[in-house]
Amino acid sequence: DDFACVNGNITASDASEAAPALIIVTGLIGIAFSVFLLKLVSSIALDVASNNEPLVGSEPINGADVAEQNARLLELYAAITTGANAFLRSEYKLCGIFIVLAFPAMSVLIAWGDKEDGKWEWKNGWLSGVSFVVGAITSIVCGYIGMRVAV
């Protein structure tokens with residue numbers, strides 16, 4: 001009952017017009033929750049003395065070792081951050097090349113495949129290509145945010 005067929009086209013009823021609002025609201029809730037988790041993770045101190053319990057099989061940390069272990073912890077953190085940044089640079093370079101090559105190919109092939117009466121459907125092709133680019137950029141941004149949270 002929510003859909004009707006008019007002149008061969010399926011049209012949605014008024015009830016399904018709430019879908020975009022639902023998508024936007026749930027997206028905003030997800031973003032707010034992500035920001036909350038980012039702040040929570042970011043508030044954790046990089047300090048070996050912040051946990052009073054020793055690791056399994058290790059000795060309790062005495063005061064003289066804390067500064068040395070904190071320095072080592074920060075050194076490891078810097079190395080992991082450097083590696084993560086290098087990974088993101090190389091991955092995004094490849095993603096950029098793929099997007100630049102796939103966008104026009106996808107747009108042309110979809111326009112050609114949807115042609116009616118011998119005319120290419122450029123609108124369908126370009127809208128599909130733009131949708132691909134928007135999705136790719138969204139995925140890249142999510143990967144970047146995820147890496148920043150992890151590192």
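The condition of being at pLDDT below 95, open to solvent by 70 Å² or more (accessible area, probe 1.4 Å) and under 23 Å from the mean Cα position of the chain (by Cα) holds for ILE80.
Where residues in region 103-151 are open to solvent by 90 Å² or more (accessible area, probe 1.4 Å) and outside any helix (DSSP H, G or I), which of them is modelled with the lowest pLDDT? The qualifying residue modelled with the lowest pLDDT is GLU116.
The values are calculated or read from the model by the stated rules, or taken from the named source; none is laboratory data. Please read all numbers here as calculations on a predicted model, not as lab measurements. In case anyone asks, the SASA skips ligands and DNA or RNA and just uses the protein heavy atoms, side chains included. Shrake-Rupley method; radii C 1.70, N 1.55, O 1.52, S 1.80 Å.
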